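Reading through the structure tokens given below for one structure.
The values are calculated or read from the model by the stated rules, or taken from the named source; none is laboratory data. Note that the structure is a prediction, hence the values are computed from the model and not measured. We place every Cβ from the backbone using ideal geometry, glycine too, and count neighbours over all the protein chains shown. Heavy atoms of the whole protein, side chains included, go into the accessibility calculation; ligands, DNA and RNA do not. Shrake-Rupley method; radii C 1.70, N 1.55, O 1.52, S 1.80 Å.
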Amino acid sequence: MNMELSRRGFLRLAGAGVAASSLGAMGFNAAQAAEEAYVRAFKLTTTTETRNTCPYCSVACGIIMYSKGDLKSGQTAELLHIEGDADHPTNRGTLCPKGAALKDFVTAPTRLTKPRHRKPGASEFEEISWDDALNMIARALKDDRDANLIEKNDAGVTVNRWTTTGFLAASATTNETAWATYKVVRSMGIVGFDNQARV
């Protein structure tokens, strides 16, 4: 079959083809409309995003938690998904295998969410409030410091050393928080100070 096609005819045919494919690409065909009818909405569109830090190691990777309800409000919220935070400078969206499985850790029924205390001689732990737990820690620190602070050495020089208590700082903090923690601990006289990032 020999087909004679002028330049003007070729341009008309090409223009019609471009117009038809453009209309199809913009959704003016029945196939695309039928396909879109079966596409479900992205499952995280109606969720609340909460940024946080992975609790596992000293790398302090950023994570984004998606939940039905607001995790920050303290109310019960259903956690749906956890992923790496692409805007976080430490991990840039990547997570190790433990971080990638973080949802199972967070939603585990055996995970402790409240402080517990075992009284002397008792065989079981009992739940206490955060205020009670922090008051007990503060009382124990104060009593130990009052009993064991070394104010002066053998030569009579003021040293203010507290050697019977140690402090391990969390590594998943900013430089500013780590600096403030160091200053507070040293100002109390604690000599045994370390950070999880080094350990």
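Screening Thr110 on (1) assigned to a helix (DSSP H, G or I); (2) open to solvent by 80 Å² or more (accessible area, probe 1.4 Å); (3) within 30 Å of Ser67 (Cβ to Cβ); (4) of a type outside the set (A, V, I, L, M, F, W, C) shows it passes everything except condition (1). Reported count of residues in region 161-190, each being open to solvent by less than 70 Å² (accessible area, probe 1.4 Å) and assigned to a strand (DSSP E or B), is 5. Would you confirm whether any residue within region 38-54 is open to solvent by 50 Å² or more (accessible area, probe 1.4 Å), in a helix (DSSP H, G or I) and at pLDDT below 70? No: region 38-54 contains no residue that is open to solvent by 50 Å² or more (accessible area, probe 1.4 Å), in a helix (DSSP H, G or I) and at pLDDT below 70.
Here is a yes/no grid of residues against (1) open to solvent by less than 100 Å² (accessible area, probe 1.4 Å); (2) farther than 22 Å from Ser187 by Cα:
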{"position": "Glu124", "(1), (2)": "no, yes"}
{"position": "Glu127", "(1), (2)": "no, yes"}
{"position": "Ala133", "(1), (2)": "yes, yes"}
{"position": "Ala138", "(1), (2)": "yes, no"}
{"position": "Asp143", "(1), (2)": "yes, no"}
{"position": "Asp146", "(1), (2)": "yes, no"}
{"position": "Lys152", "(1), (2)": "no, no"}
{"position": "Val157", "(1), (2)": "yes, no"}
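Among the residues that make up region 57-64, is at least one of them open to solvent by less than 50 Å² (accessible area, probe 1.4 Å), assigned to a helix (DSSP H, G or I) and modelled with pLDDT under 85? No, the conditions are met nowhere in region 57-64.
Yes/no matrix, rows are residues, columns are (1) touching a residue at least 24 places away in the same chain (Cβ under 8 Å); (2) over 24 Å from the mean Cα position of the chain (by Cα):
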position	(1), (2)
Ala140	no, yes
Arg161	yes, yes
Leu168	yes, no
Ala172	yes, no
Val184	no, yes
Asn195	yes, no
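Of everything in region 137-160 that's of a type in the set (Val, Ile, Thr) and part of a strand (DSSP E or B), which residue is farthest from Arg51 (Cα to Cα)? Don't jump to the end; show me each part of the working.
Step one: of region 137-160, the residues of a type in the set (Val, Ile, Thr) are 137, 150, 157-159.
In the following step, the residues that additionally are part of a strand (DSSP E or B) were identified as 150, 158-159.
Working: Ile150: 43, Thr158: 46, Val159: 43 Å.
Ranking the candidates gives Thr158 first.
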